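Derivation of every value follows stated rules applied to the coordinates shown; laboratory data play no part. Keep in mind it's a predicted model, so treat the numbers as computed, not measured. Cβ placement follows ideal geometry from the backbone for every residue including glycine, while neighbour counts extend to all protein chains displayed.
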Amino acid sequence: MKRLFTLSLAAAIAAFSACSKKPAGLVFSVGGAPNEVEVWERLVKRFAEEKGVRASLLRQPTDSDQRRQGLLVPLKSGKADPDVFLADIAWLGQFAASGWLEDLAPYAAKDGTDLAPFWPKVIDFADRYDGRLAALPVYVDAGLLYYRTDLLKKYGVKTVPDTWPGLLAASLKMQAGESAAVPGFFGFVWQGAQYEGLVCNFMEFASSGEKALAFRDGAVKLATPENIRALAFMRAAVLKEKISPPNTYTEMKEEETRAFFQEGKAAFERNWPYAWGLHQREDSPVKGKVGIAPLPRFPGGVSVSTLGGWHIAVSRFSDDKAGAWEFVKYVTSPAVQKELALELGWNPGRRDVYRDKDVLKAYPHFARLEKIFANAYPRPNVPYYSQVSAILQRHLNSALSGAAEPEAALKAAEAEVNEAAARYR
């Protein structure tokens with residue numbers, strides 16, 4: 001028994017020592033689904049062979065929160081590895097404000113890297129922080145409106161609604177007609193549960209671009225007429241007009257929404273681009289009956305999509321910043337962006353790839369995505385965004401459930417957000 005314990009302890013120490021060894025050469029940290037990591041492993045290997053350098057992949061979990069935590073530890077400690085990594089757009093503000101990210105602007109200027117192929121709004125609102133270029137987009141995400149093409153035709157809705165009142169009217173019409181044949185049918189499904197997706201949806205309903213959650217001198221005004229109108233509409237969609245399911249504010253996240261629409265139980269759906277491929281699967285009841293369009297707006301407002309996605313950044317503590325920059329250029333090059341699109345269905349960070357004939361042949365809907373992404377806005381690029389989001393989620397959800405009036409909920413959220421922001425001034 002004693003010998004068994006000794007052997008087990010020795011094995012554990014050996015395993016720990018192996019994991020603690022510094023990886024060889026340039027280290028790229030990335031997570032995701034197994035098929036995604038396999039593609040990244042191949043890209044890292046190819047990059048190393050083409051450049052004649054040593055490079056390795058540091059595999060992270062699939063879960064986004066665990067990936068963030070896996071980056072926070074080495075960055076807070078000033079570790080040299082990973083040299084370069086993928087970061088969710090919502091993390092960039094905190095990482096950049098903490099001084100953890102290398103400014104890529106001097107590298108781009110030195111070798112004449114052209115930033116024109118990227119969306120200016122994405123670069124300016126998401127990747128720049130305090131005048132520095134903190135990252136570059138690899139995968140772009142933004143909210144879309146999915147709709148049933150067959151139902152629009154069936155009920156004489158000649159054009160896809162481009163205003164929220166228009167969507168309400170079309171939803172009521174189709175819901176009344178379909179409910180008898182499809183029990184539990186609703187006009188419009190979206191993400192209203194108390195989580196990050198609710199904040200994304202709120203920004204889109206507000207139809208005011210970055211002004212919905214705009215910070216000025218560290219403060220934010222939330223109880224604006226536009227925001228109150230948006231939250232009142234969201235609440236009415238569930239409680240008064242009932243075009244959205246009663247579990248919208250308790251259960252509806254991306255997958256719940258996607259499954260509901262895909263089962264043929266809704267006329268319209270707000271979701272991210274990933275849902276397109278699933279809606280078009282052979283076993284999907286709505287295959288060949290789905291279209292995509294920009295999200296509606298209020299009259300006088302603009303169509304807004306909340307920006308999401310993954311961006312590539314270089315650690316300020318890297319011991320191979322020049323090599324990391326070369327890898328950034330490699331990953332954001334037209335060839336690799338095209339490869340990621342064709343193999344993974346990823347939405348490229350470069351606009352020019354959306355016009356590639358091979359990409360359009362495989363994904364014809366990319367032609368629409370390019371235009372929709374042009375009006376995508378990120379969430380506030382502030383280091384305390386996680387606190388802002390948690391406060392907003394709670395108060396927005398309270399209004400949706402009927403526990404608070406929209407104006408009162410936004411005023412309460414505004415006070416709490418500004419109190420949190422004051423601690424960073």
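Kirkwood's formula applied to the C-alpha pairs of region 248-350 gives a hydrodynamic radius of 17.0 angstrom.
Taking region 38-71 and a reference point 7 angstrom along Cα→Cβ of GLU343, the backbone N atoms nearer than 16 Å belong to 38-51, 56-59. Legend: calculated FRET efficiency, LYS79 to VAL302, from the Cβ-Cβ distance at R0 = 45 Å, rounded to 0.05, equals 0.55. Whole-percent P(r), the chain, all Cα pairs, 10 Å bins from 0: 4, 20, 29, 24, 15, 6, 2, 0. Going through the cross-link list LYS158/LYS221; LYS287/LYS338; LYS173/LYS240; LYS221/LYS242; LYS242/LYS289; LYS121/LYS173, which pairs have a Cα-Cα distance over 27 Å in this structure? Table pairs above 27 Å Cα-Cα are LYS158/LYS221; LYS221/LYS242; LYS121/LYS173. In the chain, the calculated helix contribution to ellipticity at 222 nm averages -14000 deg cm²/dmol per residue, counting -39,500 (n - 2.57) for every DSSP H run with n ≥ 4. When the Cα positions of ALA367, LEU344, ALA409 are compared along the charge dipole of region 309-425, ALA367 comes out farthest toward the positive end, with charges on each C-beta of Lys, Arg, Asp and Glu. Cross-link reach is defined here as a Cα-Cα straight distance under 24 Å, omitting same-chain residues fewer than 8 places apart; for LYS76 the lysines meeting it are LYS21, LYS22, LYS321.
A crude spin-label estimate for the pair LEU360 and ARG59, with each label 7 Å from Cα along the Cβ direction, gives 3.8 nm.
Taking Lys and Arg as +1 and Asp and Glu as -1, the other residues whose beta-carbon sits under 15 Å from that of VAL157 total +3. Using R0 = 30 Å, the C-beta based FRET efficiency linking VAL37 and ALA390 works out to 0.50. A dipole drawn for region 246-378 from +1 and -1 charges on Cβ atoms has a positive end, and of PHE298, GLN262, THR250 the residue lying farthest that way is PHE298.
Once the Cβ-Cβ distance of ASP130 and ALA259 is raised to the sixth power relative to R0 = 60 Å, the FRET efficiency obtained is 0.90.
When the Cα atoms of region 76-176 are aligned to their principal axes, the ranges along those axes come out at 60, 32, 21 Å in descending order. Subtracting the Cα-Cα distance of ALA219 and SER333 from their residue separation scaled by 0.36 nm leaves 37.2 nm.
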